[in-house]
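**Student:** One structure, pasted below without further comment.
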Amino acid sequence: MDNKFLVVLEQRNGIIKKSSFEIYAKAKEFSANTDAVLIGASIVDESQLKQAGVSEVTFIKNNDLENYSSSAYTNILVDFIKQNSYEFVFIANTALGKDLAPRLAAKLDCGITMDCTNLTEDAGNLLATRPVFAGKLLLQQKLTSTVKIFNIRPNSFGFTAGSEVETKINVKETSDICLSVKTVDVKKAGGKLDVAEADVIVSGGRGMKSAENFNHIESLASELNAAVGASRAVVDAGWRPHAEQVGQTGKTVSPNLYIAVGISGAIQHIAGMRSSKYIVAINKDKDAPIFQIADYGIVADAFDILPVLTEEIKKIKQ
Ligand code: FAD
């Protein structure tokens, strides 16, 4: 395809999100005519762009944009997309992307597809795959408007930094920004890693029996450099923070590996993790519904298996 593609990169606390690089790499597979744009007060660490293979980026700079602003980002990007006649615009389905992508679509009066998990080329256009009905069906959508916005679920394509490139950064200072909506503070809830973007997640359910017993989940997660996730039952019980909840009323995740421990596999939980690449279920009930979607299942008591598993992984790592 030789259409003009634009990938909106996202930076939080100086770190450019892996989900942004994932989409950039994927977009480049379809069109060599792929540009990247980043908005903010500064680029804290330019080497991230080099390492991720981003050859050129337009950096739209304003000192008041240390944090995200719905109004400013929307207006800046609408102008940028129009001025440069971009046809295909890509934004990750992060908290920021969920807010920004529909605003752009409304202002540009164009088609949008949210939370896509795959993209394929189709006669000069793109077909986006989107899970619907709690992931039971996969919908394929083709956008026919001139500008098309694709909001992509993090971890859908995977990303490993390839060879480094020299990144050309075109800085565009902007003064006239609309700050009618501004983020004043961001408080990080939950653990070290955000479940929505982690490559590996170890999730615990009511089968863990208590908040204290989550130390078994945390130990395994720590060995695997994984994020800790939770079912709603344990969040409702106050054992884990809501930021860790996976499912319909929690976060949608798509890691390479999802380990569900003591989780029955209710449809509302599965809705949030079904697109994981590999699912491992540990449950003492062999008929638990989670086994129907698991790639690997261990029928065992979590309290017997978790210490052994953690120890074995520790040994392998040594
Ligand atoms: P349970 O269903 O009680 O399952 C516990 C499992 O642990 C069982 O399978 C049991 O066999 C196993 N077990 C017990 N002891 C052990 C042991 N020692 N070792 C190994 N296994 C053991 N849920 C979500 O998770 N996320 C959501 O976002 C969500 N949103 C919802 C939205 C709505 C509108 C509604 C109605 C419900 C929602 N739910 C959600 C709740 C969902 O329906 C389930 O109630 C919930 O997922 C159950 O959590 P659980 O699997 O941890 O608990």
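**Student:** Out of Asp194, Asp115, report the one residue that is at positive phi, crowded, with 19+ Cβ neighbours inside 10 Å and under 16 Å from the mean Cα position of the chain (by Cα).
**Tutor:** None of the other options fit; the residue is Asp115.
**Student:** Given the conditions (1) farther than 21 Å from Pro307 by Cα; (2) open to solvent by less than 70 Å² (accessible area, probe 1.4 Å), report the number of the one that Phe214 does not fulfil.
**Tutor:** Among (1) farther than 21 Å from Pro307 by Cα; (2) open to solvent by less than 70 Å² (accessible area, probe 1.4 Å), the lone unmet condition for Phe214 is (1).
**Student:** Which residue out of Ile169, Ile263 is within 8 Å of the ligand (Cβ to nearest atom) and either in a loop (DSSP other than H, G, I, E, B) or open to solvent by 30 Å² or more (accessible area, probe 1.4 Å) (or both)?
**Tutor:** The unique qualifying residue is Ile263.
**Student:** Give me the pairs: first residue in the stretch 273-295 and within 19 Å of Leu309 (Cβ to Cβ), second residue among the acidic types (Asp, Glu) and near the ligand (Cβ under 9 Å from one of its atoms), beta-carbon distance under 6 Å, and six or more apart or on different chains, which are they?
**Tutor:** Correct list of pairs: Lys284/Asp301.
**Student:** Next up: Checking Ala226 against (1) modelled with pLDDT of 95 or more; (2) more than 10 Å from the ligand (Cβ to nearest atom); (3) surrounded by fewer than 24 Cβ atoms within 10 Å (Cβ to Cβ), only one condition comes out false. Which one?
**Tutor:** Answer for Ala226: the failing condition is (3).
**Student:** If you check every pair at least six apart or on different chains, which have Cβ atoms under 7 Å apart with a residue in the stretch 174-189 that is at negative phi first and a residue that is aromatic (Phe, Trp, Tyr) second?
**Tutor:** Qualifying pairs under 7 Å: Thr183/Tyr68.
**Student:** Provide a single number: the residues in the stretch 56-85 that are buried (at least 20 other Cβ atoms within 10 Å of the Cβ) and either farther than 15 Å from Ser42 by Cβ or of a type in the set (Asp, Glu) (or both).
**Tutor:** So the count comes out to 8.
**Student:** When both residues are 6+ apart or on different chains and their Cβ atoms are under 7 Å apart, which pairs have a first residue that lies in the stretch 217-231 and is of a type in the set (S, T, N, Q), and a second that is surrounded by 23 or more Cβ atoms within 10 Å (Cβ to Cβ) and part of a helix (DSSP H, G or I)?
**Tutor:** Close Cβ pairs (under 7 Å, with a partner that is surrounded by 23 or more Cβ atoms within 10 Å (Cβ to Cβ) and part of a helix (DSSP H, G or I)) amount to Ser231/His269.
**Student:** Please state which of the following conditions Ile217 fails to meet, knowing it meets all the rest: (1) of a type in the set (Val, Ile, Thr); (2) within 10 Å of the ligand (Cβ to nearest atom); (3) touching a Ser or Thr at 6+ places or on another chain (Cβ under 8 Å).
**Tutor:** Evaluating Ile217 over (1) of a type in the set (Val, Ile, Thr); (2) within 10 Å of the ligand (Cβ to nearest atom); (3) touching a Ser or Thr at 6+ places or on another chain (Cβ under 8 Å) leaves (2) as the failure.
**Student:** Limited to the stretch 127-147, what total is found for residues that are more than 20 Å from the chain's Cα centre (by Cα) and open to solvent by less than 20 Å² (accessible area, probe 1.4 Å)?
**Tutor:** Of the residues in that region, 1 qualify.
**Student:** Name the residues in the stretch 4-38 that are assigned to a strand (DSSP E or B) and within 19 Å of the chain's Cα centre (by Cα), would you?
**Tutor:** Answer for the stretch 4-38, where residues must be assigned to a strand (DSSP E or B) and within 19 Å of the chain's Cα centre (by Cα): Leu6, Val7, Val8, Gln11, Arg12, Ile15, Ile16, Ala36, Val37, Leu38.
The values are calculated or read from the model by the stated rules, or taken from the named source; none is laboratory data. What you are looking at is a predicted structure, and each value in this text was computed from that prediction instead of being measured. Backbone-built Cβ (ideal geometry, glycine too); neighbour counts: all protein chains shown. Quick note on the areas: whole protein, heavy atoms, side chains included, nothing else; ligands and nucleic acids left out. Shrake-Rupley method; radii C 1.70, N 1.55, O 1.52, S 1.80 Å.
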